[in-house]
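Notes for the one structure printed next.
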Amino acid sequence: MPATVLTPNLLTQTMTSSQPTIPSRGPRRLLVTGGAGFIASNFVHHWIERYPGDRVVVLDALTYAGNRSSLAAVEHHPNFRFVHGNICDRPLVDSLLEEEMIDTVAHFAAESHVDRSILGPAAFVQTNVVGTFTLLEAFRQQWEKRGKPMSDRFLHVSTDEVYGSLGPDDPAFTETTPYAPNSPYSASKAGSDHLARAYFHTYHMPTVITNCSNNYGPFHFPEKLIPLMCINILLGKPLPVYGDGQNVRDWLFVRDHCSALEVVLHKAPPGETYNIGGNNEVKNIDLVHQLCDLMDELAPDLPVRPSRQLITFVKDRPGHDRRYAINATKIRTELGWTPSETLETGLRKTVEWYLTHRHWWQPLLSSEYQAYYQQVYATTP
Ligand code: NAD
Ligand code: TYD
């Protein structure tokens, strides 16, 4: 059945079969941190399309990973506001929460790339741990002032990487899998998850935590595996595969992550944690093969064809987690969420997007990015 969205928030909505009915509620006032980044910019588009009557305030420091042009389509929406600032800046966060009467925080802002966390972990501790703490404290103060409404939400968006690495036959991560982070990135995210959890248990503040698998889709910064491969194929550059290419990741199309966060915001009880994943476990080398084949099919004039010729095995990432896999049974059975895209349909959409959005990714290949690239791929031709 097609989506017929009536008056968002006020009436029950009829949606596609994969999206459950959301209970009615008055308009929300959201603070979206890291809204110029990959997942949060998709989330902002998703939310404004679905709930144009809600207030959406983005707070983003515009680090190398933040890109204002990812928000161009909503920039002039009357209920949208962009604020350039840091989540560690407590006076700024306090004033935003107060003047915008924020009742919902969707916290995405983070340093998010494992390779960068190996090169420079300090920024990860600062933004991911101290920044999350700053937001939690500021929100607690406002929430208490406003009489502790239990309909408020502090959504802490996290990763499956906090659970560590799986062996080939281990069962997928569930919400009760013990934390065992292996990189400075995942360790800093684990620290922030524990803080969000503690704010519910100690202060009864309505936090919810989500741990999602690897995302892919539009507006993904070129340093991550899927956009990096798409762009290097288009430029005829080597495709660097770490180690033996047998590491496994569980991929989810970014808009499916956004729809999961939507149901969590609307339906999850305070204090809960949900794993989010698409049940798409793939070895890196198989994924790269799929991307090469899709590019060969869809791109009219590639510099090197077939693009599989560009695959180059390079030195492995230190401490490289072997396998991630998400068991998403809890969000499916308790909240009724399932993804809409298969890996095949999602990858096709993603490749098509990179083909038609050169104007978005080309400026990101700056001299700063080239310097980072040289450092990580020192041995790549
Ligand atoms: P991203 O790196 O693309 O974007 C991060 C955004 O946060 C950028 O816009 C950046 O400018 C902003 N930012 C960084 N430090 C900031 C600070 N101190 N103050 C304000 N803004 C700051 O990240 P992403 O891949 O979109 O990930 C978003 C969130 O989702 C992260 O918390 C990440 O841990 C989590 N997550 C990501 C994935 C994935 O596959 N990418 C999977 C699961 C969970
Ligand atoms: P990445 O997109 O960095 O996500 P994460 O490390 O958070 O899972 O990497 C996905 C997988 O791809 C991971 O196993 C590392 C591997 N990888 C490569 O083989 N080559 C690359 O150039 C990159 C960036 C990643």
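The values are calculated or read from the model by the stated rules, or taken from the named source; none is laboratory data. Computed from a predicted model, the values in this text were never measured in an experiment. FYI the Cβ positions are ideal-geometry reconstructions off the backbone, even for glycines, and counts take in every protein chain you see. Ligands, DNA and RNA are stripped out before the accessible areas are found, and what is left, the full protein with its side chains, is counted by its heavy atoms. Shrake-Rupley method; radii C 1.70, N 1.55, O 1.52, S 1.80 Å.
Find, to one decimal place in angstroms, the Kirkwood hydrodynamic radius of the chain, where the mean of 1/r is taken over every pair of different Cα atoms and then inverted. Before the final figure, lay out each step's value.
Values: mean 1/r = 0.0470 Å⁻¹.
This gives a value of 21.3 Å.
Got a number for the accessible area of residue 322? Probe 1.4 Å, square angstrom, nearest 10.
For residue 322, the solvent-accessible surface is approximately 100 Å².
If one takes the longest principal axis of the Cα atoms in the chain, at what angle in degrees, from 0 to 90 and to the nearest 10, does the Cα axis of helix 38-50 lie?
Rounded to the nearest ten degrees, it is 50.
Which of the GluC sites (Glu not before Pro) across segment 296-369 are loop residues per DSSP, with 16 or fewer other Cβ within 10 Å? Don't skip to the end; give the middle numbers.
Numbers: sites: 297, 334, 341, 344, 352, 368; in loops: 341.
Here no loop site has a sparse enough neighbourhood.
Cβ neighbours within 10 Å, averaged per peptide: list 131-138, 153-160 in order, most packed at the top. Let's see the in-between values first.
Numbers: 131-138: 22.0, 153-160: 24.6.
Listed from highest to lowest mean packing, they are 153-160, 131-138.
Gaussian network model of the chain, Cα springs within a sub-10 Å range: biggest mean-square fluctuation belongs to which of 169, 316, 301?
169
In Å and from the alpha-carbon atoms only, list the Rg and Dmax of segment 99-197.
Calculated on Cα positions, Rg and Dmax stand at 15.5, 51 Å.
Under 5 Å between amide hydrogens, which residues at least 5 positions from residue 322 or on another chain qualify, with H placed 1.01 Å from N in the peptide plane?
Distant-sequence amide H within range of residue 322: 166.
Would you mind getting the accessible area per residue of the chain, heavy atoms of the protein chains only, 1.4 Å probe, in Å²? Please report the intermediate quantities before stating the final value.
Details: 15040 Å² over 381 residues.
Averaged over the residues of the chain, the accessible area is 39 Å².
Among 95, 165, 340, which one shows the highest mean-square fluctuation when the chain is modelled as a Gaussian network with alpha-carbon springs under 10 Å?
The residue that fluctuates most here is 95.
Quick one: with all protein chains in place, what share of the accessible area of segment 286-381 is carbon or sulfur, to the nearest percent (1.4 Å probe)? Before the final figure, lay out the partial values.
Numbers: 2660 of 5050 Å².
Ligands and nucleic acids excluded, carbon and sulfur give 53 percent.
Seen from all sides and averaged, what is the projected area of the convex hull of the Cα atoms in segment 238-381, in nm²? Don't skip to the answer; put the middle values down first.
Working: hull surface 43.2 nm².
For the Cα atoms of segment 238-381, the hull's average projected area reads 10.8 nm².
Over the residues of segment 26-100, compute the C-alpha Rg and express it relative to 2.2 N^0.38 Å. Please report the intermediate quantities before stating the final value.
On the way: Rg = 11.7 Å, N = 75, 2.2 N^0.38 = 11.3 Å.
The value comes to 1.03.
When the solvent-accessible surface of protein heavy atoms is calculated with a 1.4 angstrom probe, in what order do 212, 88 fall, highest first? Mind showing how you got there, number by number?
Working: 212 5, 88 35 Å².
The ranking, largest first, comes out as 88, 212.
If the reach is capped at under 22 angstrom between alpha carbons, list the lysines near residue 189, excluding any in the same chain fewer than eight residues apart.
Answer for residue 189, where 22 Å is the Cα cut-off: 224, 330, listed by chain and number.
What share of all Cα pairs of segment 302-381, in percent, falls into each consecutive 10 Å distance bin?
For segment 302-381, the pair-distance distribution reads 12, 23, 38, 21, 7.
So what are the three principal axis dimensions of segment 174-315 from its Cα atoms, in whole Å, longest to shortest?
If we take the Cα atoms of segment 174-315, the spans are 58, 31, 22 Å.
If Rh is defined by the Kirkwood formula over all Cα pairs and Rg also comes from Cα, what ratio Rg/Rh do you get for segment 253-335?
On the way: Rg = 18.3 Å, Rh = 16.2 Å.
Here the Rg-to-Rh quotient is 1.13.
Can you work out the FRET efficiency for the pair residue 313 and residue 123, with r the C-beta to C-beta distance and R0 = 25 Å, to the nearest 0.05?
Between residue 313 and residue 123 the formula returns 0.30.
Choose one answer from 356, 33, 104: the residue with the largest mean-square fluctuation in a GNM of the chain with alpha-carbon springs under 10 Å.
Comparing 356, 33, 104 in the GNM, the peak value goes to 356.
Using only the Cα atoms of segment 41-177, what semi-axes does the equivalent ellipsoid have when each is the square root of 5 times a gyration tensor eigenvalue? Give whole Å, largest first.
Details: eigenvalues 149, 73, 62 Å².
Here the semi-axes work out to 27, 19, 18 Å.
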